[in-house]
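The values are calculated or read from the model by the stated rules, or taken from the named source; none is laboratory data. Because the structure is predicted, anything quoted here is derived from the model rather than measured. Note that we place each Cβ from the backbone using ideal geometry, even for glycine, and neighbour counts take in every protein chain shown.
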Amino acid sequence: MGFKTIIKLMDIKTLVAGLVPVILGSVYSKYAFGKLNALYVILLAIAMILIQSATNMINDYFDYKRGADSNKSGHEKALVSGETTSKQVLLIIVLYQFIALMIGIFLASQTSYYILLVAVIGGLISILYAFGPLPISYTPFGEIISGVTMGIGITTTVIYIQSGIINLNTILVAIPTALFIGTILLTNNLSDMKEDREAGRKTLPIIIGRKNAEKLWIIGVIMLLVLTFCLVLMRIYPVVVLAPVVLIYPFKLIRSFLSYEKSISTKGRSMGLIGQIGLKYHLSVTIGLLIAIIF
């Protein structure tokens, strides 16, 4: 199994969902509480890449075992193409989870063992997402659960690791990130509607229909801006955040999203769009917070 196969298994286009809570949480901790540990940022980023990658592999592994990926191209799924075996995937999952666990134990030893409880809950959810009599991925609740778990759970935990503080403000800061992560999954499920329906899934786009799912996508990306204005009005974010958000936010990508049919063949384009939106949004907020920290 080569490097390209490992990259395909990791599904790197989804890794932004694990990195943005680390970056935002760390910078907000510095802005709000004056605390930021650079080593913790690096370790958290590595752990989140490993955890997100392992979660993607767990999902692919169980889908492959059920035959749910049999109608997807080998270009997208390494197990379908025969580039790797299920045993090899399991080995990588265990290795990635073990390294992430070691990082978690170290961070807990330096801060609080509350972190390990969060890690255990997150690990159980990642398994239940793909495993069990009714996996979360087969229901219309995946967007909500992934958003709350990764967006709110990880962001607030990162802030807690950096500052030792968790309060209402740290939860409110995490809501736009939760919305973004939920929209990533919505984008994925929109692209996979045909294949998911054949596999017996009842994802949110299947339940509400393609047009309504696309409208929900638009609402989700616009709400990133609305929630940012709300956070400024509540004085949780400094007003200077608005300038980079308005200047950097990729408004044109919203129009681009509506210009083509969503399917498995355009999935890369769709995931690229939501990835760019989320990355540029969080980058702009981070820039605004850094300006406030400096001045």
* Asked: Within segment 256-278, is there a residue that is in a loop (DSSP other than H, G, I, E, B), surrounded by 13 or more Cβ atoms within 10 Å (Cβ to Cβ), modelled with pLDDT under 95 and touching a Lys or Arg at 6+ places or on another chain (Cβ under 9 Å)?
  -> yes
* The listed residue being in a helix (DSSP H, G or I), within 20 Å of the chain's Cα centre (by Cα) and modelled with pLDDT of 95 or more, out of L242, L224 -> L224
* Asked: Could you say which residue among I248, I236 is more than 16 Å from L279 (Cα to Cα) and among the β-branched types (V, I, T)?
  -> I236
* Structure fact -> For segment 154-169, pairs from a residue that is outside any helix (DSSP H, G or I) to a residue that is surrounded by fewer than 24 Cβ atoms within 10 Å (Cβ to Cβ) and not polar (S, T, N, Q), with Cβ under 6 Å and 6 or more apart or across chains, are I165/F33; I166/Y160
* To do: Could you tell me which numbered condition V118 fails, if it satisfies all but one of (1) free of Cβ contacts under 8 Å to residues at least 60 places away in the same chain; (2) crowded, with 17+ Cβ neighbours inside 10 Å; (3) under 16 Å from V41 (Cα atoms)?
  => (3)
* Hits in segment 122-135 - residues which are without any contact (Cβ under 8 Å) to a residue 24 or more places away in the chain and either polar (S, T, N, Q) or surrounded by fewer than 13 Cβ atoms within 10 Å (Cβ to Cβ) (or both) -> L124, G132, P133, L134
* Asked: Which condition number does I291 fail, the rest of (1) at pLDDT 95 or above; (2) crowded, with 16+ Cβ neighbours inside 10 Å; (3) under 30 Å from G34 (Cα atoms) being met?
  -> (2)
* Asked: Using beta carbons and a limit of 7 Å, which pairs, at least six apart or on different chains, have the first residue in segment 208-227 and within 16 Å of A178 (Cβ to Cβ) and the second one among the hydroxyl-bearing types (S, T, Y)?
  -> W217/T183; W217/T187; G220/T183; V221/T183; L224/Y281; L225/Y249
* Asked: Is it the case that segment 80-90 has a residue that's among the polar types (S, T, N, Q), modelled with pLDDT of 85 or more and more than 12 Å from V158 (Cβ to Cβ)?
  -> yes
* May I ask you to say which residue of V241, V232 is surrounded by fewer than 18 Cβ atoms within 10 Å (Cβ to Cβ), over 20 Å from T183 (Cα atoms) and out of contact with any Phe, Trp or Tyr (no Cβ under 7 Å at 6 or more places or on another chain)? => V232
